[in-house]
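These notes are about the structure you will find just below.
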Amino acid sequence: MARVLIIEDEYALAAALSTVVRRIGAEAVVAASGQGGLEKAQRQAFDAVLLDIGLPDMSGLKVLAALREAENPPPVMIITAHGTLDNALEARRLGAYDYFLKPLNLAEIQPQLQALLKLPRHEPPAVANSPDPVMMIGTAPAMQRAFAVIAQACATKVPVLLTGQPGTGKTLAAEVIAAQSGTQPLVRFRCDEWPREQAEVMLDGCLEKARGGPLLIEEVGALPLPLQAVVCRALAKEEQRILATSSHSLLEAVTQGRFREDLYYQLSVLHVSLPPLAERTEDLQALAAALLKRAAGERELPLALESLAVLKAYAWPGNVRELAAAMQHAAAVCSAPPVLPRHLPARLLENDQANVHLETALKRALVAWLDRQLTCPEEALPEYDALLAEVEKPLLAELLARFEDKPTRLAAALNMNRATLRRKLRELLGRE
Ligand SMILES: Nc1ncnc2c1ncn2[C@@H]1O[C@H](COP(=O)(O)OP(=O)(O)OP(=O)(O)O)[C@@H](O)[C@H]1O
């Protein structure tokens with residue numbers, strides 16, 4: 001019987017994974033810490049390991065490195081709630097076979113694990129260790145999904161299609177893939193930049209220049225049909241590694257007969273989908289800080305909280321590129337820190353859509369949080385009142401802060417029963 005080691009400190013998740021392992025006829029052994037997992041792996045041989053990155057005593061990546069030092073190391077599948085690009089690339093570099101994001105889709109894990117147990121043991125492809133990786137910022141769930149595919153793309157030479165609105169980071173992601181998967185420079189060809197007559201000559205030139213290395217075809221949907229045939233032939237010859245971007249739906253172009261269906265499938269062996277910035281407001285703080293630092297140079301220029309609120313309320317039609325420009329504007333007009341709303345471009349403050357955006361963001365955050373809470377076997381599901389208490393806790397803490405930490409003022413202003421409020425503050429926030 002195959003034996004699978006589950007290194008996971010969340011009890012409910014470890015139990016759910018054990019059920020999956022048993023369902024495929026294997027034995028499950030659980031460890032709730034990194035050290036515990038390594039000790040178990042020393043005592044017994046395992047056919048596969050499911051490993052969480054966020055362990056209480058040490059990073060799962062350290063555990064992975066230690067597991068890989070064994071003579072015939074078992075294949076490892078990584079589970080993470082913090083899918084940064086660094087983590088995804090590091091996990092691949094250290095030889096992880098797969099990379100799953102929390103909340104886990106258990107139905108997806110089962111066939112993957114089954115396939116993994118059937119595989120002959122061999123070394124997974126190594127990811128090149130670029131000395132200066134071009135980094136992408138983001139921890140929003142949709143970015144974590146993109147990072148997982150980017151890490152896969154770094155470990156292979158297959159074509160990759162990168163989609164997303166203008167300015168979402170498609171080119172940057174292609175640069176990361178090129179930098180991490182080889183030493184040859186990325187050759188770029190932008191399809192909507194050239195008049196039809198010149199495009200063929202330019203494309204031929206780029207295909208020639210990129211021989212043996214990566215070629216990025218930007219806005220591939222703008223390529224006229226005869227040139228799409230040229231790319232098809234190039235893909236068949238496999239002389240270059242082709243990466244392509246599109247900010248419009250290629251499938252729609254296929255349906256309308258403007259884009260070859262066979263080329264669409266050839267290009268999208270791996271598909272990285274980059275989310276619009278307005279759908280990942282949780283990344284705004286880190287992105288704005290990094291872009292502000294880039295724009296301000298030596299100067300220390302923090303962003304005031306009110307300015308962050310303005311950024312969160314704005315719709316960002318130009319995505320990260322527009323945010324970068326806004327931070328350049330702020331760095332230029334702000335002479336003394338911090339960056340206040342009046343230092344931001346005026347259009348960011350005029351947005352009457354602000355409330356709509358905040359409500360969408362709140363709903364999205366709630367959906368993501370619920371996904372996490374409900375990723376467990378049915379018998380371990382939290383009760384409704386417990387869920388409500390979790391939502392009420394930050395709400396009350398925030399409200400209280402706005403009424404100078406005075407429950408009486410809060411109760412009066414929002415027409416709450418004072419005794420009820422006091423009880424809730426005691427039960428939920430531990431206040432006497
Ligand atoms: N996740 C990210 N972290 C840091 N910087 C980012 C990120 N995403 C995008 N950027 C920055 O935003 C700018 C626009 O990104 P990029 O050119 O890659 O977008 P794009 O999707 O290729 O746009 P287009 O469709 O117009 O070609 C660049 O300066 C890039 O460095």
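The numbers here are math on the coordinates, done by the rules we state, and not lab data. Everything numeric in this text was worked out from a predicted model, so none of it was measured. Quick reminder, even Gly has a Cβ in these numbers, built from the backbone with ideal geometry, and neighbours come from all protein chains shown.
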Equivalent ellipsoid dimensions for the stretch 354-429 as semi-axes, Å, which come from the Cα gyration tensor, largest first: 27, 19, 8
Antiparallel bridges, percent of DSSP beta bridges restricted to the stretch 3-118 (to nearest 5): 5 percent
Label-to-label distance, nm, for residues given as residue 415 and residue 298 (7 Å Cα→Cβ offset): 5.9 nm
Average projected area [Cα convex hull, the stretch 22-115], square nanometres: 5.9 nm²
Label-point separation in nm, residue 108 to residue 57, each point 7 Å along Cα→Cβ: 3.1 nm
Once the Cα gyration tensor of the stretch 141-275 is diagonalised, semi-axes √(5λ) in Å: 21, 18, 13
Aspartates and glutamates whose Cα lies under 14 Å from that of residue 393, excluding same-chain neighbours fewer than 8 positions away: 385, 427
Estimated FRET transfer efficiency when R0 is 51 angstrom, pair residue 145-residue 305 (beta carbons, to 0.05): 0.95
In Å, descending, principal axis extents of the Cα set of the chain: 77, 65, 46
At q = 0.09, 0.10, 0.12 Å⁻¹, base-10 log of I(q)/I(0) for the stretch 235-354 (Debye sum, equal scatterers on each alpha carbon): -0.39, -0.46, -0.59
Length-normalised contact order for the stretch 278-348 - Cα pairs under 8 Å, 6+ apart - percent: 40 percent
Net length gained if the chain between residue 362 and residue 19 were fully extended (0.36 nm per residue, minus Cα distance): 120.1 nm
Shape category assigned to the stretch 145-186 from the gyration tensor of Cα positions, a/c cut at 1.5: oblate
Label point at residue 379 placed 7 Å out along Cα→Cβ; residues across the stretch 7-42 whose backbone nitrogen lies under 18 Å: 11-24, 28-30
Rel. contact order, % - alpha carbon contacts under 8 angstrom, at least six apart, the chain: 12 percent
FRET efficiency, residue 346 to residue 192 (Cβ-Cβ, R0 22 Å, nearest 0.05): 0.15
Theoretical gain in end-to-end length, residue 115 to residue 27 [0.36 nm per residue, Cα-Cα removed]: 30.1 nm
Residue of 159, 337, 275 that the Gaussian network model of the chain assigns the largest fluctuation, springs spanning Cα pairs under 10 Å: 337
Theoretical gain in end-to-end length, residue 183 to residue 156 [0.36 nm per residue, Cα-Cα removed]: 8.3 nm
In order through the stretch 54-62: 3J(HN,Hα) via Karplus (6.51 cos²θ - 1.76 cosθ + 1.60), integer Hz, x for Gly, Pro: x, 9, x, 9, 7, 5, x, 5, 5
Fraction of beta bridges assigned by DSSP in the chain that are antiparallel (%, nearest 5): 5 percent
Long-range tail of P(r) for the stretch 278-348 (Cα pairs > 20 Å, %): 15 percent
